[in-house]
Amino acid sequence: MPGTLLRGRILTFHSEPQGPDDTACYSYIEDGAILMHDGRITASGSFDDVARNARWSEVVDHRPHLLMAGFIDTHVHFPQVQIVASWGAQLLDWLNDYTFPAESDYADAQHARAMAGKFCSLLTDHGTTTAVAFCSVHAGSAEALFAECAHRNMRVVAGKTMMDRNAPMGVLDTAQSGYDDSNALIEAWHGKGRASYAITPRFAITSSPEQLAMSGALAKEHPDCFVQTHLSENHDEIAYTAELYPQARDYLDIYQGYGLLGHRTLLGHAIHLKDRELGALAETGSHPVFCPTSNLFLGSGLFDDAGLRARGIRNGIATDIGAGTSYSMLQTLNEAYKILQLQDQKLHTLRAFHWITRGNAEVLGMADKIGTLDAGTEADVVVVSSTATPAMALRMARAETLFEELFAIQMMGDDRSIVQTYVAGKPQKDQAE
Ligand code: GUN
Ligand code: ZN
């Protein structure tokens, strides 16, 4: 059967923008089209060219909106959907007071399944088509999320969290059960359809040396799986971690010692780093993940994007729901811009939109599959309005360039700007335009 043509203003990136004048890094087509067939983009370009040269059965006219690659969230906690906006605490108290109790509910597989559906809908409502997710400690929570994503044909990277100490019984595994459950989940889900597995020791505080050793063994046995954890988010966390691992040179050295670093490793936060840690991140190709709304909400600190980049380190960017306060990658960029302003670092809007699409895809080593509108990639597409609210419409009335428009979307946009989200070619939002 011939495919569906989406018509609109196309914006897609070929490489990371080196500055506002870098026009080679992206394509912008005022009257563009994307042809989607069988879950893939089979052609993209000017509407006239694509419509003339391809076979298609319907046109969905999204003009005057922008068509971009679906957004990618590289660090988010699926079992924290019910604790977003929990008051007053910094990291360790927030985990003990709100997070662990909420995650203990995911021992109930039915609850996990119900929340997985809501979580995926929230992602796509906000324009996110791929998430890298922490599940709870319970294998059933990962089962629920993988099953929900498979049902939607949605790309996902996820893992059962491993944690065997310093938390309530209801959210603990053991080094052996964490290893066994992870192995079984890898066998069941990794590489199946659009799913990838992330080996997920929560962080050094909640994993014993034995558990981190077994996490390292899993990473060695499954080199094409991802590894995700947390690093140097908060000063009290760092001090407690140093007490628990007194032999380590620094926080990163703990993960390094257990063989957990590499280009498929994602390290949430990575705010307060020592020079040796920067060198080790660069050497191993590991990826810090910037979580702006979370870092502000928990008062964790200011992510030094330019400092890391200057060392050749490639950073992801993410919501970190539920310490993050918005599912929107646009709102994430808004807060990222402000955090970088406070450090006299400028986040240009071209780089911002590259970051949440192709940039995060490159961090995952998946730019051949997601993050662009290139022919041959998976048909994850987001339709974005720059006039979604009265305030945005007012701002847009004075915007003269594409950059002004993009920056307004970056700073003022949220789920109201997401007109439609296509996952593997299928529309996910039922609202009328
Ligand atoms: N460090 C360990 N676990 C967590 C978590 O769930 N959220 C955040 N923000 N940091 C963590
Ligand atoms: Zn996190």
*Can you name the residue in the range 411-433 that is part of a helix (DSSP H, G or I) and open to solvent by 40 Å² or more (accessible area, probe 1.4 Å) and is also nearest to K369 (Cα to Cα) among such residues?*
D415
*Take T319 and decide whether it is within 16 Å of ligand 1 (Cβ to nearest atom), within 11 Å of the chain's Cα centre (by Cα) and outside any loop (DSSP other than H, G, I, E, B).*
no
*Looking only at the range 351-410, and only at residues there that are of a type in the set (S, T, Y) and crowded, with 17+ Cβ neighbours inside 10 Å, the one that is nearest to the chain's Cα centre (by Cα)*: T357
*Give F47, F71 a once-over and let me know the one that is away from ligand 2 (no atom under 16 Å from the Cβ), out of contact with any helix residue (DSSP H, G or I) (no Cβ under 7 Å at 6 or more places or on another chain) and within 23 Å of T401 (Cα to Cα).*
F47
*If you go through the range 59-90 one residue at a time, how many are under 20 Å from the mean Cα position of the chain (by Cα) and not aromatic (F, W, Y)?*
17
*Looking at the range 22-37, is at least one residue open to solvent by less than 20 Å² (accessible area, probe 1.4 Å) and touching a Lys or Arg at 6+ places or on another chain (Cβ under 7 Å)?*
yes
*Within the range 312-331, which residues are within 20 Å of Q228 (Cβ to Cβ) and free of Cβ contacts under 8 Å to residues at least 60 places away in the same chain?*
I313, R314, N315
_Yes/no for M392 being part of a helix (DSSP H, G or I), within 24 Å of E16 (Cβ to Cβ), at pLDDT 95 or above and not acidic (D, E)_ = no
*Please find, within the range 323-341, the residue that is farthest from ligand 1 (Cβ to nearest atom) out of those that are over 10 Å from G413 (Cα atoms) and surrounded by fewer than 24 Cβ atoms within 10 Å (Cβ to Cβ).*
Q341
*Taking K346 as meeting all but one of (1) open to solvent by 10 Å² or more (accessible area, probe 1.4 Å); (2) farther than 21 Å from G359 by Cβ; (3) charged (D, E, K, R), write down the number of the exception.*
(2)
_First in the range 351-369 and within 16 Å of L266 (Cα to Cα) and part of a loop (DSSP other than H, G, I, E, B), second anywhere and aromatic (F, W, Y) and modelled with pLDDT of 95 or more, Cβ under 8 Å, 6 or more apart_ = L364/F226
*Could you identify the single residue in E362, E335 that is more than 20 Å from L122 (Cβ to Cβ) and charged (D, E, K, R)?*
E362
_Qualifying helices (runs of 4 or more DSSP H) (wholly inside the range 64-156; at least 3 residues being surrounded by 21 or more Cβ atoms within 10 Å (Cβ to Cβ) and touching a Leu at 6+ places or on another chain (Cβ under 9 Å))_ = 109-125, 139-152
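The values are calculated or read from the model by the stated rules, or taken from the named source; none is laboratory data. On a predicted model such as this, the values are computed, not experimentally measured, just so you know. In this analysis, Cβ positions are derived from the backbone assuming ideal geometry, glycine residues included, and neighbour counts consider all displayed protein chains. Ligands, DNA and RNA are excluded from the accessible area calculation, which covers all protein heavy atoms including side chains. Shrake-Rupley method; radii C 1.70, N 1.55, O 1.52, S 1.80 Å.
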